[in-house]
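Okay, so here's the structure we're looking at.
The values are calculated or read from the model by the stated rules, or taken from the named source; none is laboratory data. Just so we're clear, the structure is a prediction, and the values are computed from it rather than from any experiment. Cβ atoms come from the backbone with ideal geometry, glycine included; neighbour counts cover every protein chain shown.
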Amino acid sequence: MRGLYVVLSTFGAIFSQSALAAKETRPLTYCVEGCSTSMRDLIFNGSSEEAQAGPCVNQLAATSLLYCAAIYCSPQESKAGLMELNGTCTSYYSSTLPSFESALADLGAGGLNDVQRVSLSSTDLKSTTFDHAVVPDLSSYRLGHNTVGAFYNNWWLSDDLKYSLYGFWCLVFLIGASNHILHFTRSSTGSKSFSSSGIISRIRTWIRRCLILPALFGGRCQEPVGWCTIPPRIESMLLGIYIALNFVYLFPGYQLFSGNLYYAAQGTQLARYLSDRTGMLAIGNLPILWLFATRNNPLLWATGWSFAAYTRLHRWVARITTFEIIIHAVGYSVLESRRGRYKEAWAEQYWYCGVIALIMMSFLLISSVYIIRKKFYDLFLTLHVIFATTCLVTVYFHVKIFDNEFKPYVWASVAFWSFDRLLRIIRTVFNGVLPRMKGVKALAMYNRKTGLIRLDVTDFFPYRRPSPGTYYYIYEPGNIRGYESHPFTTCSWTDRSISEAISPALSVTNEFDEKKGDLSAAVRSATSGSEENSETRHTFLIKPHAGFTSRLQNKLSAMPENDTCEVTILLEGAYGTLLDLRRFSNVLIIAGGTGVAAAISHTYFLLSGPNSTSIRTVWAVRDNKLVDDVCRQELRDACASHNFSLEVYLTSQKSEADTPSPSFPSLTFKPGRPDVLGVITKARAQSTSSLAVICCGSDKITDACRKAVVNALCEPGNDVEFFNESMVW
């Protein structure tokens, strides 16, 4: 424990040079503060009603303090302690302490030996008013010194532990960024050969098979277990360590003893120290919590991890923080109750603001349950923004009593949020507002047979092409709920006039083969920028649910079938990570429903390249209506390539006899659901040198793909990598 603490504190030192400097000088002030604490109950003639203000406003109290410092403190301790106390007197009472020289000059021949010593254990001390300077005896001074030491030692240890949590994340992200750089360097070679021999390769395979890819236990990772989802194994391990650190940090370093001058009962001491500890850890987690929640998190770019991974980390850090805030609140409630000040505390701003912050965090925790996020996403998002903003504001006023000690954590959270909002606004202006100013609108069309909405946004990208797999958030300006945003994956595909020669009725294989090579070459030409007889189109394939998509469906349903409608939208993006799939000899895409949008974009991107990557798409869909619709439009040109094959599983069909005849030689129909393990095993065996498995389907399909890839890595064969392109709630 001590070794781990030292290591993590070293990393945490990066974040708090000023705090470390204060800690180095803080023990020097304990002596003078010990004198002041041991004299806090002494009553002098003319002293203030506020005992702690005594030395600042009362000459006898100030002289007694100077005598105590001269007797019990070293010159360095006296200088540091009196300098700090003078600062307090100047700030709060506009006064200064008398000098050492003037106080000692008033002593008689016996010097400090003639100064009266008083004991705090004296029974008549509280009824005695002193008209001359006195000092506490040695035992009383030690009680004061130990009281101050116990309080501040816990305070600074809590501060160290808080910074060590930053050290933990620094170490994690340093490893993640290093791995990302190595992966990028390896990918930049463009080689499609992956050596499966060698110790480095075996270690890499073991890490992916045992740590990175599998679920924590069983096969469920994205599919919910009860009311929650369980992160992948490596994320669960990191979170487990982080939870353990936050839990273990609640216990060490408390110095409880009888005679404490701040809190007599040891239970009261523990309540104060534990409350301070949890408060420190919670405020330290606040910037981490806000950073992980942002869409434009710089760590996304540095590590290459998905936004879904950071949102999972965000939720767990929030749960830990809420747990610590609850302990913090309960501890201070016990403390104030024992002091008889519980009712009076509610009149203090820091108190009721802290309670509001606790309530907001608790509501955030409840509203972020998986089932609520998925079924009531728009409501969840709205409440999340309201509760989070209220929490941040009330936390600011809660810590305001500490001047600037804890405000930087609040301002850091505000900075992360502001940076994210600024970039989101810039992205929206660039992709949505500027095209809108030029009169650009999206074209929407609703197919009643398939229940699919096509939202064509080609005109939003006149000079560039969105990267495959990227997604955009769609806003509906002018609507009362225009602040809501919904993520959709872009579907980029090639629409060529020559493709009109291909129809669903085409079944003569030799005629198709004559055109096949020409069309494959034309796809590369079109996607590389040629405008002759071709156009790259960008659409969103939307299956209507609640909210924006439901409103759009109702609007289109009132129009004649297959009519298009102009829709005013704003786009925020692009988000997501570009997958370098061209380095793989074979690519297997497993899609479900409208998840085929990502598959289409990846397909055309790969077909446009100079390399001969073999692409096989396995698509699970309820019936062939959606398949026919997509194959007549988005996948029409892809089906003309020798390097592409489409295997459709009709989940509503039970036998081969129920499946329709394919329109293209590259298209096959099968009944039921795909055997994901069998599909991946077969694809690996048929791969030339390496296989990329991309999943863009339901939670169940995604978990099945993940488990199948893990099982495949347990067997010898070509290298396999898994990429999850599914939307995560």
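Among the candidates L143, L165, L125, the residue that is of a type outside the set (F, W, Y) and over 30 Å from C73 (Cα atoms) is uniquely L165. Within the bounds of the range 437-452, is there any residue that is surrounded by 15 or more Cβ atoms within 10 Å (Cβ to Cβ) and assigned to a helix (DSSP H, G or I)? No; the residues of the range 437-452 include none that is surrounded by 15 or more Cβ atoms within 10 Å (Cβ to Cβ) and assigned to a helix (DSSP H, G or I). The set of residues from the range 252-268 being polar (S, T, N, Q) and surrounded by 13 or more Cβ atoms within 10 Å (Cβ to Cβ) comprises Q255, N260, Q266, T268.
Please work out if A103 is crowded, with 20+ Cβ neighbours inside 10 Å, over 19 Å from L261 (Cβ atoms) and not β-branched (V, I, T). Yes.
Mind telling me which of the residues L120, L125, L112 ends up being part of a loop (DSSP other than H, G, I, E, B), among the aliphatic types (A, V, I, L, M) and surrounded by fewer than 16 Cβ atoms within 10 Å (Cβ to Cβ)?
Selected residue: L125, the only one of L120, L125, L112 that is part of a loop (DSSP other than H, G, I, E, B), among the aliphatic types (A, V, I, L, M) and surrounded by fewer than 16 Cβ atoms within 10 Å (Cβ to Cβ).
Look at F540 and say whether it is buried (at least 21 other Cβ atoms within 10 Å of the Cβ) and in contact with a Phe, Trp or Tyr (Cβ under 7 Å, 6 or more places away or on another chain). When the stated conditions are applied, F540 passes them.
The number of residues in the range 226-254 being in a helix (DSSP H, G or I) and among the small types (G, A, S) comes to 3. Here is the figure for the range 57-86: residues that are farther than 21 Å from V118 by Cα and at pLDDT below 90 total 1. Residues in the range 138-180 that are over 30 Å from S306 (Cα atoms), surrounded by 17 or more Cβ atoms within 10 Å (Cβ to Cβ) and in contact with a Ser or Thr (Cβ under 8 Å, 6 or more places away or on another chain): S140, Y141, L143, G144, H145, T147, V148, D159, D160.
The conditions of being within 15 Å of G697 (Cβ to Cβ) and either of a type outside the set (A, V, I, L, M) or surrounded by fewer than 22 Cβ atoms within 10 Å (Cβ to Cβ) (or both) are not met by T668.
Checking each residue in the range 364-406 for being closer than 21 Å to R481 by Cβ, without any contact (Cβ under 8 Å) to a residue 40 or more places away in the chain and among the β-branched types (V, I, T) picks out I372, V385, I386, T389, T390.
Results for (1) at pLDDT 95 or above; (2) within 30 Å of G34 (Cα to Cα); (3) exposed (fewer than 13 other Cβ atoms within 10 Å of the Cβ), shown as yes or no for each residue.
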site	(1), (2), (3)
G198	no, no, yes
C221	no, no, no
E235	yes, no, no
L239	yes, no, no
L250	yes, yes, no
L270	yes, yes, no
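What tally of residues in the range 688-703 results from selecting those that are surrounded by fewer than 24 Cβ atoms within 10 Å (Cβ to Cβ) and either modelled with pLDDT of 95 or more or hydrophobic (A, V, I, L, M, F, W, C) (or both)? Residues that pass the stated criteria total 1. Residues that are touching an Asp or Glu at 6+ places or on another chain (Cβ under 9 Å) and touching a residue at least 24 places away in the same chain (Cβ under 8 Å) do not occur anywhere in the range 333-346. Within the range 489-501, if we keep just the residues that are surrounded by fewer than 22 Cβ atoms within 10 Å (Cβ to Cβ) and out of contact with any Leu (no Cβ under 8 Å at 6 or more places or on another chain), the residue that is modelled with the highest pLDDT turns out to be D495. Being free of Cβ contacts under 8 Å to residues at least 12 places away in the same chain, outside the structural domain of G46 (by TED's automatic domain parsing) and more than 16 Å from G253 (Cα to Cα), is that true of even one residue in the range 144-166? Checked against the condition, which is being free of Cβ contacts under 8 Å to residues at least 12 places away in the same chain, outside the structural domain of G46 (by TED's automatic domain parsing) and more than 16 Å from G253 (Cα to Cα), the range 144-166 yields no hits at all.
Among the residues of the range 424-472, those identified as modelled with pLDDT of 90 or more and touching a Gly at 6+ places or on another chain (Cβ under 7 Å) are R427, N431, T470, Y471, Y472. Each residue in the range 421-468 was checked for being assigned by TED's automatic domain parsing to the domain that holds G576 and polar (S, T, N, Q), and 4 of them qualify. Among all residues of the range 509-516, there is at least one that is basic (K, R) and either modelled with pLDDT under 90 or under 34 Å from the mean Cα position of the chain (by Cα) (or both). Screening the candidates F257, F217 for the property of being without any contact (Cβ under 8 Å) to a residue 60 or more places away in the chain and either within 28 Å of G331 (Cβ to Cβ) or in a loop (DSSP other than H, G, I, E, B) (or both) yields one hit, F217.
Within the range 320-349, the only residue that satisfies the criterion of being touching a helix residue (DSSP H, G or I) at 6+ places or on another chain (Cβ under 7 Å), loosely packed, with under 15 Cβ neighbours inside 10 Å and either assigned to a helix (DSSP H, G or I) or aliphatic (A, V, I, L, M) (or both) is Q349.
Only a single item in (1) surrounded by fewer than 24 Cβ atoms within 10 Å (Cβ to Cβ); (2) within 33 Å of the chain's Cα centre (by Cα); (3) part of a strand (DSSP E or B) is not met by S645, and it is number (2).
From the list F669, F584, F644, the one residue that fits, being in contact with a Pro (Cβ under 7 Å, 6 or more places away or on another chain) and assigned by TED's automatic domain parsing to the domain that holds T490, is F669.
Considering A599, A620, the condition of being closer than 25 Å to R186 by Cα and either β-branched (V, I, T) or crowded, with 19+ Cβ neighbours inside 10 Å (or both) is satisfied by A599 alone. Residue check: C391 meets all listed conditions (1) part of a helix (DSSP H, G or I); (2) surrounded by fewer than 18 Cβ atoms within 10 Å (Cβ to Cβ) but one, namely (2).
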